[in-house]
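Asker: Dropping the structure in here first, questions after.
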Amino acid sequence: MSKQSIKYELYDYQREAYNAFWSGVTHGITKPVITMATGTGKTILFGNIATEAIEKGITNQVLIITHTDELIQQAVDKVWRTNPDYEDKIGIIKASTNECDQPIVVASRQSLHGKRLKTYPKDKFQFIITDEAHHATAPSYLKIYDYFQPKIHLGVTATTYRTDKRGLHNVFQSIVYSYTLEDAINDGNLVEI
């Protein structure tokens with residue numbers, strides 16, 4: 001079975017989130033957050049947003065930051081499945097791999113440490129997507145955002161709650177879309193607990 005034969009399409013609630021993101025950007029929300037329950041396809045959603053941003057000419061490159069190295073391959077897999085034309089247009093920054101010139105680049109926050117970070121031009125990534133965005137207030141993330149200073153920065157997470165009580169308002173402007181666990185269960189998209 002080829003990779004192209006498994007293309008993911010957006011569900012209605014993902015389409016609503018997608019539209020809410022673009023509407024927010026149109027209305028000046030350049031640092032939006034989308035919250036969606038675990039298992040509802042956040043990665044597929046932001047894969048569509050990333051490829052659309054490039055297709056619309058909003059940016060030449062999108063940087064997707066994952067929380068761990070293990071999530072890099074998951075993001076790569078879902079992004080090219082949202083748009084099979086991007087199969088060979090997704091780069092990875094991890095350990096000795098530095099495929100930073102692809103239209104879409106996926107990196108873990110650990111990979112973008114001080115020494116490596118400073119090898120990139122400050123204006124290289126003007127569109128950033130942070131997966132697991134509830135971690136975005138951690139110093140390791142803030143150093144990345146402070147360095148690149150993206151024009152558009154989307155945060156995607158299952159929860160905006162942080163155990164240290166540090167608010168995401170220090171990084172993002174507002175939640176433009178929320179799809180809770182209860183919503184997903186009531187809509188039949190997730191099974192009851």
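The values are calculated or read from the model by the stated rules, or taken from the named source; none is laboratory data. Treat the numbers as computed from the prediction; the structure is a model and nothing was measured. Don't worry about glycine lacking a Cβ; one is built from the backbone with ideal geometry, like all the others, and counts go over all protein chains shown. With ligands, DNA and RNA removed, areas are computed over all heavy atoms of the protein, side chains included. Shrake-Rupley method; radii C 1.70, N 1.55, O 1.52, S 1.80 Å.
Asker: Can you give the extra length, in nm with one decimal, that the chain gains between ASP146 and HIS113 once fully stretched, where that is 0.36 nm per residue apart less the Cα-Cα distance? Kindly include the intermediate steps, with their values, before the conclusion.
Answerer: Values: separation 33, 0.36 × 33 = 11.88 nm, distance 1.25 nm.
Roughly 10.6 nm would be gained on extension.
Asker: Could you give me the ³J(HN,Hα) list for region 127-134, computed from phi with Karplus coefficients 6.51, -1.76, 1.60 and θ = phi - 60°, whole Hz, x at Gly and Pro?
Answerer: Values per residue, Gly and Pro as x: 10, 10, 10, 9, 7, 6, 5, 5 Hz.
Asker: Still on this model: For the chain, what is the calculated [θ] at 222 nm in deg cm²/dmol (nearest 500), taking -39500 (n - 2.57) for each run of four or more DSSP H residues and dividing by its residue count?
Answerer: Here the helix-only value at 222 nm equals -9500 deg cm²/dmol.
Asker: Before anything else, pin down the relative contact order of region 48-94: Cα pairs under 8 Å, at least 6 apart, normalised by residue count, whole percent.
Answerer: 35
Asker: Check every DSSP H run in the chain and write down those whose alpha carbon atoms cover 15 angstrom or more along the long axis and whose mean Kyte-Doolittle hydropathy is 0.5 or greater. Intermediate results must be reported in sequence, preceding the final value.
Answerer: Working: long enough: 12-26 (21 Å, -0.89); 42-55 (20 Å, 0.54); 70-82 (20 Å, -0.42).
Helices meeting the criterion: 42-55.
Asker: Separation between the ASP69 and GLN173 pseudo-spin-labels, each 7 Å from Cα along Cα→Cβ, expressed in nm?
Answerer: 3.7
Asker: Measuring from centroid to centroid over Cα atoms, what is the spacing of region 19-78 and region 121-193 in Å?
Answerer: 10
Asker: Can you give me the % of accessible surface on the chain that is carbon or sulfur? Probe 1.4 Å, all protein chains present, nothing else counted. Let's see the in-between values first.
Answerer: Details: 4590 of 9620 Å².
The nonpolar share, carbon plus sulfur, comes to 48 percent.
Asker: Which residue, ILE29, ILE104, ILE128, tops the fluctuation ranking in a GNM of the chain built on C-alpha contacts under 10 Å?
Answerer: Most flexible of the set in this elastic network: ILE29.
Asker: What size of dipole, in debye to the nearest 20, comes out for region 1-151 about its Cα centre when the only charges are +1 on Lys and Arg C-beta atoms and -1 on Asp and Glu C-beta atoms? Show your work: numbers first, answer last.
Answerer: On the way: 18 positive and 17 negative charges, 101 e Å.
Computed charge dipole of region 1-151: roughly 480 debye.
Asker: Let me ask another. Go through GLN61, TYR18, PRO84 and say which Cα lies farthest out towards the positive end of the charge dipole of the chain; charges sit on Cβ, +1 for Lys and Arg, -1 for Asp and Glu.
Answerer: GLN61
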